[in-house]
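A short write-up of the structure that comes next.
The values are calculated or read from the model by the stated rules, or taken from the named source; none is laboratory data. Computed from a predicted structure; not experimentally measured. All Cβ positions, even for glycine, are placed from backbone atoms using ideal geometry, and neighbour counts span all protein chains on display. For accessibility, only protein heavy atoms count, side chains too; no ligands or nucleic acids. Shrake-Rupley method; radii C 1.70, N 1.55, O 1.52, S 1.80 Å.
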Amino acid sequence: MEKISGVDVQEHEKSKRILNIRLNNEIIEKLIFPFNKFDITALELKPFTRFTIAKSLDDLTDNKLSKLINSIIRDRSKGCLIIGPKNISSNINAEFLVKFSTAVSHLIGIPNHDNMTGKYYARFVVKHEDSSDSYLRKAYRNMDLHTDGTYVKEVTDWLLMTKIDEQNVQGGATAMLHLDDWEHCHELYNDPIGRQNFTWGSPKSKKVGYKVEHPVFSSDENGKPIISYIDQFPEPKNMEQGIFLQKLSDTLEESKNKIITKLPVGYSIIANNYFWLHGRQPFVENQNLLRELLRIRGKFSQN
Ligand SMILES: [Fe+2]
């Protein structure tokens, strides 16, 4: 990998498939000025400004960062990276992280409209108490391994999650599984039920007023398995589909090859959404638990 000045690239402690990218103070400080040109409202309302800040970030690395990120995310043998500042200074606040996440995501492609918030991104908080209708905010339950965008019409090539804040947190680690590391991939990919169309709906909070149909497994352009799956939203049409989904869920959760990692505050994890599944372990109960994440999901840019 080509060396980039001010950018540290290392293999993740637990997986060769995940790269840790850390930006030094000089790059972070040089971002402050271009980031100050636009407030969050401008970024929300004028899509081209997002590319402007993305370009500012890329220019600070002689346009090598975008090449690096894209080469990792599109590489089947890797497909995942964690990126953030080497040192967390007072500059790294929520506003900075929204802008930084916007910049990084626009080096990869274009965000999908997030129906939950009506914006190109969503910030959401997990707390002790919750009354929502999906597992997203249920702190004390395991969020099972899944991919994103299973119940929307738009394609979801990648996803980015940034940890904006965390208070009184124990547990809640991120779980990641690469399809090629999953012990039952071959077996379930070759099961004809996995290629049937399933119906995918979603609860009210997702604000998606339709259902979609697609199989769990398909093949990429090289004939390798790709998956679109989440436990909560497929509506099995019959016993075969129900049993298939149960087996899929059990064998994913039982996998010994899950990577369990704590994403530090100020860091973003970006994963290819076709062959990486993600989830979250339960938090340890605490009245004052607070964790805020930002997510952006989108498509690869097309030239
Ligand atoms: Fe997700």
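DSSP bridge analysis restricted to the chain gives an antiparallel fraction near 90%, rounded to the nearest 5. Hull volume per residue, based on the alpha-carbon atoms of segment 167-292 and their convex hull, is 146 Å³. The Cα trace of the chain gives Rg and Dmax of 19.0, 58 Å, the first to one decimal, the second as a whole number. Remark: the chain carries 46 Å² of accessible area per residue (probe radius 1.4 Å; ligands, DNA and RNA excluded). A DSSP coil position with no more than 15 other Cβ atoms inside 10 Å describes the following GluC sites (Glu not before Pro) in segment 160-215: Glu183.
Evaluate E = 1/(1 + (r/R0)^6) for Ser301 and Met239, where r is the Cβ-Cβ distance and R0 equals 51 Å; express this FRET efficiency to the nearest 0.05. With R0 = 51 Å, the Cβ-Cβ based efficiency is 0.75. Computed over the alpha-carbon atoms, segment 117-240 gives an Rg to Rh ratio of 0.97, Rh here being the Kirkwood radius from the mean inverse distance. In straight-distance terms, cross-link reach from Lys138 covers every one of the aspartates and glutamates whose alpha-carbon lies under 12 Å from its own, apart from those fewer than eight places away in the same chain; here that gives Glu129, Asp130, Glu285.
Computed over protein heavy atoms with a 1.4 Å probe, the carbon and sulfur contribution to the accessible area of the chain reaches 49%.
Here the chain is assigned +1 on the Cβ of each Lys and Arg and -1 on the Cβ of each Asp and Glu. Its dipole about the Cα centre then comes out at about 600 debye. Measuring nothing but how far apart in sequence close Cα pairs (under 8 Å, 6+ apart) lie, relative to its length, the chain scores a relative contact order of 29 percent. Comparing Phe33, Phe198, Phe96 in a Gaussian network model of the chain (Cα springs below 10 Å), the most mobile by mean-square fluctuation is Phe33. As a ratio to 2.2 N^0.38 Å, the alpha-carbon radius of gyration computed for segment 198-242 takes the value 1.33.
Using only the Cα atoms of segment 27-143, each taken as one equal point scatterer with no solvent, compute I(q) by the Debye sum, divide by I(0), and report log10 of the ratio at q = 0.11 Å⁻¹. Normalising to I(0) and taking log10 leaves -0.45. Distance from the C-alpha centroid of segment 10-51 to that of segment 227-263: 33 Å, rounded to the whole angstrom.
When the listed pairs Lys78/Lys99; Lys211/Lys262; Lys78/Lys204; Lys14/Lys207 are checked against a 30 Å cut-off, the alpha-carbon distance exceeds it for Lys211/Lys262; Lys78/Lys204; Lys14/Lys207.
For a straight C-alpha distance cut-off of 13 angstrom, the aspartates and glutamates reachable from Lys153 (same-chain residues fewer than eight places away being disregarded) are Asp114, Glu213.
For segment 1-93, the square roots of the Cα gyration tensor eigenvalues, ordered a ≥ b ≥ c, give a/c of at least 1.5 with a/b greater than b/c, which places it in the prolate category.
With the convex hull of its Cα atoms as the shape, segment 218-281 has an orientation-averaged projected area of 6.1 nm². The Asp75 and Lys256 beta-carbon pair, evaluated with R₀ = 30 Å, returns a calculated FRET efficiency of approximately 0.80. Comparing segment 57-205 with the 2.2 N^0.38 Å rule of thumb, its C-alpha radius of gyration ratio is 1.21 (two decimals). Inter-label distance, Lys138 to Lys207: 2.3 nm, where each label sits 7 Å from its Cα along the C-beta direction.
Between His113 and Ser90, the C-beta separation translates, for a Förster distance of 25 Å, into a calculated FRET efficiency of about 0.15. Each residue, Lys16 and Glu154, gets one label point 7 Å from its Cα in the Cβ direction; the gap between the two is 3.6 nm.
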